[in-house]
1. Would you check which residues across segment 144-167 are under 20 Å from residue 108 (Cβ atoms) and out of contact with any helix residue (DSSP H, G or I) (no Cβ under 7 Å at 6 or more places or on another chain) and list them?
2. Residues of segment 59-74 being part of a loop (DSSP other than H, G, I, E, B) and among the small types (Gly, Ala, Ser), which ones?
3. What number of residues in segment 73-88 are at pLDDT below 75 and either within 17 Å of the chain's Cα centre (by Cα) or not β-branched (Val, Ile, Thr) (or both)?
4. Among residues belonging to segment 133-152 that are among the hydrophobic types (A, V, I, L, M, F, W, C) and within 19 Å of the chain's Cα centre (by Cα), point out the one that is surrounded by the fewest Cβ atoms within 10 Å (Cβ to Cβ).
5. Between 169, 121, 155, which is surrounded by fewer than 18 Cβ atoms within 10 Å (Cβ to Cβ) and closer than 21 Å to residue 192 by Cβ?
6. Can you confirm whether segment 98-112 contains a residue that is closer than 20 Å to residue 43 by Cα, among the hydroxyl-bearing types (Ser, Thr, Tyr) and touching a residue at least 40 places away in the same chain (Cβ under 8 Å)?
7. How many of the residues making up segment 112-142 are of a type in the set (Ser, Thr, Tyr) and touching a strand residue (DSSP E or B) at 6+ places or on another chain (Cβ under 8 Å)?
8. Provide a single number: the residues in segment 181-203 that are at pLDDT 65 or above and among the β-branched types (Val, Ile, Thr).
Amino acid sequence: MSQYPEAHFIKSANAASQFVDDTGAEVAVAGRSNAGKSSAINIIVNRRQFARTSKTPGRTQLVNFFALRAGERLVDLPGYGFAKVSTRMRAHWRDLIANYFESRKSLAGLFLIVDIRRQITAFDTQMLGFAEMVSLPTHVLLTKADKLKRGQAATAMLNVRRELRGIATVQQFSALTRAGEDEARARLDQFLTEPLQNKTTPK
């Protein structure tokens, strides 16, 4: 049973003017288009196909708003990296995401989805930069941990922690085995219920 029985899709936005009302608290989810973002969302919310998954990277091309509980939302940002789209569309996504980070007063946290085998990429660094710009707490999910042996996964996580230098919390996660789902869900709830403590004055 889902820990968010009232969870549902609200709307998609292709421009800042289409964002939902900026009230309550929301947590954004971002990541490369092949990092398992939709699968991670489905496991955390505990709803099959809550966020659509696809074998074609880059299918999330809009800012998708989901209600979790009254006044609490999850926001699925466009996947980036391997999406086969035009340069113009990539520029639109970049501007749309930048506008989202800069404008949302209700934004209480960021989940950054990273394939544990690929580590932090330049695209991930850009997302971390957006978050740092507005003093937004970030939690990194190192997905597909089941693809590595336990020792390899532990080393990979240690390397990411060293690279991040304390600017984000990090955990291993697997949508296949559901390893790490409780920790991820607890972090999501923390972001949603402590928004005033999480977010400070933008730098």
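The values are calculated or read from the model by the stated rules, or taken from the named source; none is laboratory data. For clarity, every value in this text was computed on a predicted model and none was experimentally measured. Cβ atoms come from the backbone with ideal geometry, glycine included; neighbour counts cover every protein chain shown.
1. Matches in segment 144-167: 164, 166.
2. The answer is 70, 71.
3. Residues flagged as at pLDDT below 75 and either within 17 Å of the chain's Cα centre (by Cα) or not β-branched (Val, Ile, Thr) (or both) within segment 73-88 amount to 6.
4. Top of the filtered list is 133.
5. Unique residue meeting the criteria: 169.
6. no
7. The number of residues fulfilling the criteria is 2.
8. Counting residues in segment 181-203 that are at pLDDT 65 or above and among the β-branched types (Val, Ile, Thr) gives 1.
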